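Written below as structure tokens is the structure these notes are about.
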Amino acid sequence: MKPQLENLVQTRIPTAHGEFILHYFSNNLDDKEHIALVKGDVADAEDVPVRIHSECFTGDVLGSRRCDCGEQLDMALQLINDAGKGILIYLRQEGRGIGLLKKMQAYNLQDEGLDTVDANIHLGHLADEREYDFAALMLENLKVKSISLITNNPNKIDEIVKLGIKVNQRIPVETHIHDDNQVYLKTKVEKMSHLLTMKDK
């Protein structure tokens with residue numbers, strides 16, 4: 001079935017990082033609530049700063065230090081607010097697409113010595129099962145002409161370009177390195193080709 005979505009509701013959301021318009025999208029493939037936080041007038045705009053952020057309950061909500069997700073979310077929202085224009089797309093694909101239960105099981109395997117990639121594979125999954133079809137459809141719905149993608153992940157750029165989105169540049173979003181996330185970030189660089197300097201600020 002071809003992915004389709006509909007922009008059902010928009011509402012004003014004031015945040016610690018500025019004021020945004022929250023767009024609620026429905027779709028024909030799942031019952032998940034994929035959303036977009038939009039700043040400024042992005043229709044027909046070029047080089048719109050865009051963060052495509054996959055849900056991370058432990059990092060985004062609980063502030064877990066095992067990953068860089070929550071910090072990346074905050075940094076992206078602040079960057080978009082400072083630019084006066086941009087979009088944060090929030091896709092409901094927890095744990096690189098494997099779900100919260102499997103992600104927690106993967107955490108236990110990591111505590112036993114596996115890295116984040118090997119833990120996913122041990123559980124019968126790919127290292128990364130995320131898909132970006134809905135993100136591309138959201139950007140089309142919002143009538144964006146081209147984007148500056150806020151990411152360290154070159155695969156995300158490749159995937160979104162394959163879906164017909166023009167990406168003019170990459171904006172890095174590097175977070176702090178500490179004891180709880182150092183191995184995780186190192187694995188991203190060595191096994192997933194993420195563009196990180198691994199130099200703490």
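Only residues in region 176-196 that are more than 13 Å from residue 116 (Cβ to Cβ) count as the first member; pair them with residues that are surrounded by fewer than 16 Cβ atoms within 10 Å (Cβ to Cβ) and of a type in the set (Lys, Arg), Cβ under 7 angstrom, at least 6 apart or cross-chain, and list the lot.
Close Cβ pairs (under 7 Å, with a partner that is surrounded by fewer than 16 Cβ atoms within 10 Å (Cβ to Cβ) and of a type in the set (Lys, Arg)) amount to 176/201.
For region 106-124, name all the residues that are acidic (Asp, Glu) and open to solvent by less than 40 Å² (accessible area, probe 1.4 Å).
The answer is 115, and nothing else.
How about region 174-192: which of its residues are part of a loop (DSSP other than H, G, I, E, B) and either more than 21 Å from residue 103 (Cβ to Cβ) or in contact with a Leu (Cβ under 7 Å, 6 or more places away or on another chain) (or both)?
174, 176, 177
When residue 68 is evaluated against the numbered criteria (1) closer than 20 Å to residue 168 by Cα; (2) buried (at least 21 other Cβ atoms within 10 Å of the Cβ); (3) of a type in the set (Asp, Glu), which criterion, by number, is the only one it fails?
So residue 68 meets the others, but not (1).
For residue 152, work out the one condition from (1) in contact with a Pro (Cβ under 8 Å, 6 or more places away or on another chain); (2) open to solvent by less than 40 Å² (accessible area, probe 1.4 Å); (3) part of a helix (DSSP H, G or I); (4) not hydroxyl-bearing (Ser, Thr, Tyr) it doesn't fulfil.
Among (1) in contact with a Pro (Cβ under 8 Å, 6 or more places away or on another chain); (2) open to solvent by less than 40 Å² (accessible area, probe 1.4 Å); (3) part of a helix (DSSP H, G or I); (4) not hydroxyl-bearing (Ser, Thr, Tyr), the lone unmet condition for residue 152 is (3).
Any residue at all in region 40-63 that's open to solvent by 40 Å² or more (accessible area, probe 1.4 Å), within 20 Å of residue 78 (Cβ to Cβ), without any contact (Cβ under 8 Å) to a residue 24 or more places away in the chain and among the small types (Gly, Ala, Ser)?
Taking every residue of region 40-63 in turn, at least one turns out to be open to solvent by 40 Å² or more (accessible area, probe 1.4 Å), within 20 Å of residue 78 (Cβ to Cβ), without any contact (Cβ under 8 Å) to a residue 24 or more places away in the chain and among the small types (Gly, Ala, Ser).
What number of residues in region 83-122 are charged (D, E, K, R), within 19 Å of the chain's Cα centre (by Cα) and at pLDDT 90 or above? It would help to see each step written out before you state the result.
First pass over region 83-122, keeping only residues charged (D, E, K, R): 85, 92, 94, 96, 102-103, 111-112, 115, 118.
Okay, now just the ones that are also within 19 Å of the chain's Cα centre (by Cα), so 85, 92, 94, 96, 102-103.
Keeping just the survivors that are at pLDDT 90 or above gives 85, 92, 94, 102-103.
Counting residues in region 83-122 that are charged (D, E, K, R), within 19 Å of the chain's Cα centre (by Cα) and at pLDDT 90 or above gives 5.
The values are calculated or read from the model by the stated rules, or taken from the named source; none is laboratory data. For clarity, every value in this text was computed on a predicted model and none was experimentally measured. With ideal geometry, Cβ positions are generated from the backbone for all residues, glycine too; neighbour counts draw on all protein chains shown. Surface accessibility is based on the protein's heavy atoms, side chains included, excluding ligands, DNA and RNA. Shrake-Rupley method; radii C 1.70, N 1.55, O 1.52, S 1.80 Å.
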